[in-house]
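Asker: One structure coming up, written as C-alpha cells, with questions to follow.
Values quoted throughout were computed directly from the atomic coordinates according to the rules given, and no laboratory measurement underlies them. Quick caveat, the model's predicted, so the values are computed rather than measured. Virtual Cβ from ideal backbone geometry, glycine too; neighbours counted across all protein chains shown.
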Amino acid sequence: GLVNGGEASSEGVELSAQFRATPNLNLGFNGAYNKAELKDDFEPAVVPQAGYDVVINSGLAGDRIPYVPEWSWSATVEYAFNAGAGLNGQVGGAVRWLGDRVNGTTERTRATAPGDPSTVLMEEIVAPIELDSHAALDLYAGIGRGNWELRAYVNNVTGEDGWSSVELISSEVSGTPVQTVAVPILPRTFGLELDFRF
C-alpha cells in the first residue's frame, strides 16, 4: 500500500553563468550538485501472519530521492549574425549531461516475532534500480526579419541512449517482479519551427 514518507532533505549548490565572448558570440554554463535523501524510514506496514509478523518498509533513511541526480550540467553557445536585407540569424547548440539516478527507494521486508519487531527472523532488501548518466547534444539555426523567424533544430544529434524512468511491474498473484517498463529519452529528433509575432 501507499504510505507517507518521513522527512527528507535536499541540499546543494548551483552555478549559472553567461559570457559574451564577442558582441555576437554568447557562451553559457549551468551546473548543479544536489544531495537529496530521506532522513527517516517510511512508516512500516505490518501484516500479521500465523506465528510471525511481516513488517514492510518501502523507504529507508539515507535513500536517495527518486529521479534526482547528484550532478548535472549543461553548456550552451550561440552566434548571432546579420545576413543583410534586414535578415538576422543565429546558430547555436547545447550539451546536456544528467548524472545517474535511482527509480525509487529501498524496500525492506522483515519477518519478526509477533508483537516484537526487534526479533528479526528473516530479512529481505530490494534496492531501487539505478539509471545510468547520459548526455545529449542539441543544435539549431534560425533566421528572421521583423515579426517572423524560421528555425531548424536537431536534438540529441548523436542519438545517445538513456532512460527517463524505469519501473518494475509485479505479479498480482505472487508479488514478484515479472516485467520492466522503461521510458527512453527522446531519440535524434529533427524539427522546423516558424514563429510569427503579432
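Asker: Report the full-extension gain for the segment Glu43 to Arg151: residue separation times 0.36 nm, less the Cα-Cα distance, to one decimal in nm.
Answerer: 33.7 nm
Asker: Quick one: length gained pulling Leu139 to Ala83 fully straight, 0.36 nm per residue minus the C-alpha distance? Write down the numbers at each step before the final one.
Answerer: Numbers: separation 56, 0.36 × 56 = 20.16 nm, distance 1.95 nm.
So the chain would gain 18.2 nm between Leu139 and Ala83.
Asker: Kirkwood Rh over Cα pairs of the chain into Stokes-Einstein at 4 °C, 1.567 mPa s: D in µm²/s?
Answerer: For these conditions, the coefficient is 62 µm²/s.
Asker: How large is ³J(HN,Hα), in whole Hz, for each residue of the stretch 105-115 in order, when computed from phi with the Karplus curve 6.51 cos²θ - 1.76 cosθ + 1.60 and θ = phi - 60°, using x for Gly and Pro?
Answerer: 3J(HN,Hα) across the stretch 105-115, in whole Hz: 10, 6, 10, 10, 10, 10, 9, 10, 4, x, x.
Asker: Let me ask another. With only alpha-carbon atoms in the gyration tensor, what are the semi-axes of the equivalent ellipsoid for the stretch 1-93, in Å, largest first?
Answerer: On the way: eigenvalues 563, 40, 12 Å².
Rounded to whole Å, the semi-axes are 53, 14, 8.
Asker: State to the nearest 20 debye the size of the charge dipole of the chain about its Cα centre, where the only charges are +1 on K and R beta carbons and -1 on D and E beta carbons.
Answerer: Values: 12 positive and 26 negative charges, 226 e Å.
The dipole magnitude comes to about 1080 debye.
Asker: Separate question: Excluding Arg197 itself, calculate the net charge of residues whose Cβ lies under 15 Å from the Cβ of Arg197, where each Lys or Arg counts +1 and each Asp or Glu counts -1.
Answerer: Values: positive: Arg145, Arg151; negative: Glu149, Glu193, Asp195.
Summing Lys/Arg as +1 and Asp/Glu as -1 gives -1.
Asker: Mind putting a number on the dipole of the stretch 98-198 about its Cα centre? Charges go on the C-beta only, +1 for Lys and Arg and -1 for Asp and Glu, and I need it in Debye to the nearest 20. Don't skip to the answer; put the middle values down first.
Answerer: Working: 7 positive and 15 negative charges, 96 e Å.
So the dipole magnitude of the stretch 98-198 works out to roughly 460 debye.
Asker: Right, something else. Which of Glu37, Glu124, Glu107 moves the most in a Gaussian network model of the chain with Cα springs under 10 Å?
Answerer: Among Glu37, Glu124, Glu107, the largest mean-square fluctuation in the Gaussian network model of the chain belongs to Glu124.
Asker: Please check: in the Gaussian network model of the chain (C-alpha springs, under 10 Å), which one of Asn82, Asn30, Asn57 has the largest mean-square fluctuation.
Answerer: Of Asn82, Asn30, Asn57, the Gaussian network model singles out Asn82 as fluctuating most.
Asker: Would you be so kind as to identify which of Ala136, Tyr153, Ser174 lies farthest towards the positive end of the dipole of the stretch 127-174, taking Lys and Arg as +1 and Asp and Glu as -1 on Cβ and the Cα centre as origin?
Answerer: Of Ala136, Tyr153, Ser174, it is Tyr153.
Asker: Say we join alpha carbon atoms closer than 10 Å with springs in a Gaussian network model of the chain; which of Trp163, Trp97, Trp148 then has the biggest fluctuation?
Answerer: Fluctuation is largest for Trp148.
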